Amino acid sequence: MKISFVAGLLLVSTVALAAQTATPAKPPFLLIDTHNDITSKTVDGLDIGATGNPTTMTDIARLRAGGVGAVFFAAFVDAKYVQGNHSANRTLQMIDTIRTDIVAAHPHDFALATSADQIEAAHRQGKIAALIGIEGGHAIEDSLRLLRDYYALGVRYMTLTHFNTNDWADSSGDIENTAIAHHNGLTPFGKQVVTEMNRLGMMVDISHVADKTFWDAIETSQAPLIASHSSCRALTNAPRNMTDAMITALAQKGGVIQINFYCDFIKQKANPPTIDDVIDHIDHAVKIAGIDHVGIGSDFDGIECAPVGLKDVSQFPNLTRGLEARGYTQGQIAKLYGLNTLALMRKVEAVSRRMQAAGAQAQ
């Protein structure tokens, strides 16, 4: 079909005008959530592929809707399993639910990842990278051999404590309880745990720990640390949150604070928190630590209350819009959402290679 010269000019002009007025496509973010507890339900039979469950915050459809590219699924070990030495058994069950009930059961959606490179590879394939983080250092039952076994099974961070003080590290959850025997931070064995995690390439997670445990970990660790799901104590005075001094030290070590969405850690007021309150914590952490040392650790499905507008994993786009409204650029959001975590992982991996090349032996 032939068209006249004038008609051709009109067609070109129309296409050009449409290109100018169309909303430009936004670059995709690699969104890494460093703490999700849906595993405490999949271990009991929940199918993460099932949709419409009003009692959960996470499923495949909602992860896709939220644009989530990678998740550190929590291998959470409740303190009750310490009784009778059942912590390791529970830890193995939790690792298995990630590997079997999530990744193996849904191979088109998930890929197990154990490194920063594997996260990016999964993202290129259109899959959600599934990673494993142990929550509660009592999981190792005071055995570095078990710690190494967990690493071999894919665990890439361990929270040194949960709400309970263990045999080698004090927790923020019971630090004021005089009935609990405390250690004034990390014991000598606790420092061995940190060093062995460095050698293996497992991130040291200081969420949940007592303040002195944090400072001991900062001093002991050769690698940057992660706070997988913590917020800012200056805004919400909860022991689980980090002080400005702690956030500064974490950043100076090369680490990342991953902001937690739990209502009580975001806002201590009668009214429920909103996305704006979450962004207030992000803003504060960025001001204290710098844009390169802040990320996202939602704690979805490990919390009973989430901010208005961030009720589940599908609502991350609301957070993106909120950050844009506060003036964050696309590049800055990309850092908060995933690039900072990838950089942290690569630093930890590099320390491990260096230690092993220097002949560092298993503790």
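With the chain treated as a Gaussian network of Cα nodes joined by springs under 10 Å, which of 256, 351, 209 yields the largest mean-square fluctuation?
Result: 351 has the largest fluctuation of those listed.
In Å, what Rg and Dmax follow from the Cα atoms of segment 198-325?
14.3, 46
If one puts a single equal scatterer on every Cα of segment 65-137 and applies the Debye formula without solvent, what log₁₀ I(q)/I(0) results at q = 0.25 Å⁻¹?
-1.04
Go through the chain and flag any cysteine with no other cysteine's C-beta closer than 4.7 Å, please.
232
For a quick size check, give me the Cα extents of segment 126-220 along its three principal axes, largest first, whole Å.
Rounded to whole Å, the extents work out to 49, 25, 23 Å.
Modelling each spin label as a point 7 Å along the Cα-to-Cβ direction, I'd like the residue 271/residue 350 distance in nm, to one decimal.
4.5
Please say if segment 26-357 is rounded, prolate or oblate, where rounded means a/c under 1.5 for a ≥ b ≥ c the square roots of the C-alpha gyration tensor eigenvalues, and otherwise the choice is prolate for a/b larger than b/c and oblate otherwise?
Rounded.
If you add up the charges near residue 106, with Lys and Arg at +1 and Asp and Glu at -1, over every other residue whose beta carbon is less than 11 angstrom from its beta carbon, what do you get?
Spelling it out: positives minus negatives among the neighbours equals -3.
Amide H to amide H, which residues 5 or more places from residue 229 or on other chains are under 5 Å from it, using H placed in the peptide plane?
Amide H neighbours of residue 229, under 5 Å, 5+ apart: 207, 258.
Report ³J(HN,Hα) in whole Hz for each residue of segment 286-301, in order, from the Karplus equation J = 6.51 cos²θ - 1.76 cosθ + 1.60 where θ = phi - 60°; Gly and Pro get x.
5, 4, 7, 9, x, 4, 7, 10, 10, x, 10, x, 4, 6, 3, 6
Which one of 319, 273, 51 has its Cα pushed farthest toward the positive end of the charge dipole of segment 26-357, where Lys and Arg give +1 and Asp and Glu give -1 at the Cβ?
Farthest along the dipole direction, towards plus: 319.
Would you work out the charge dipole size for the chain about its Cα centre, treating the Cβ of every Lys and Arg as +1 and the Cβ of every Asp and Glu as -1, and quote it to the nearest 20 debye?
Result for the chain is approximately 1240 debye, rounded to the nearest 20.
Over the Cα atoms of segment 181-263, what Rg and Dmax result, in angstrom?
12.4, 36
Got a sec to turn the phi values of segment 91-104 into Karplus ³J(HN,Hα) couplings, 6.51 cos²θ - 1.76 cosθ + 1.60 with θ = phi - 60°, whole Hz, x for Gly and Pro?
Coupling constants for segment 91-104: 4, 5, 4, 5, 4, 5, 5, 6, 6, 9, 6, 9, 6, 5 Hz.
Amide H to amide H, which residues 5 or more places from residue 76 or on other chains are under 5 Å from it, using H placed in the peptide plane?
135
Give me the percent relative contact order of segment 26-357, please, defined on Cα pairs under 8 angstrom at least 6 residues apart.
Relative contact order here is 19 percent.
Using Cα centres only, tell me the gap between segment 225-239 and segment 168-202 in whole Å.
Answer, in whole Å: 18.
How much of the DSSP bridge set in the chain is antiparallel, in percent, rounded to the nearest 5?
Antiparallel bridges make up about 5 percent of those DSSP assigns within the chain.
Past the 20 Å Cα-Cα mark, which pairs from 212/253; 80/311; 191/253?
From the list (212/253; 80/311; 191/253), the Cα-Cα distance tops 20 Å for 80/311.
What whole number of Å gives the distance from the Cα centroid of segment 118-165 to the Cα centroid of segment 292-363?
15
I'd like the orientation of helix 188-200 relative to the chain: the angle between its Cα long axis and the longest Cα principal axis, in ° from 0 to 90, rounded to 10.
Roughly 40 degrees, rounded to the nearest 10.
Where does each of 156, 148, 326, 124 land when they are ranked from fewest to most other beta-carbon atoms within 10 angstrom? All intermediate terms of the calculation are to be shown ahead of the outcome.
Details: 156 24, 148 18, 326 13, 124 9.
Result, fewest neighbours first: 124, 326, 148, 156.
We did not get these values from a lab; they are worked out from the coordinates using the rules stated. The model shown is predicted, which means the values in this text are computed figures rather than measured ones. Ideal geometry is used to build each Cβ from the backbone, glycine not excepted, and the neighbour counts take in all protein chains shown.
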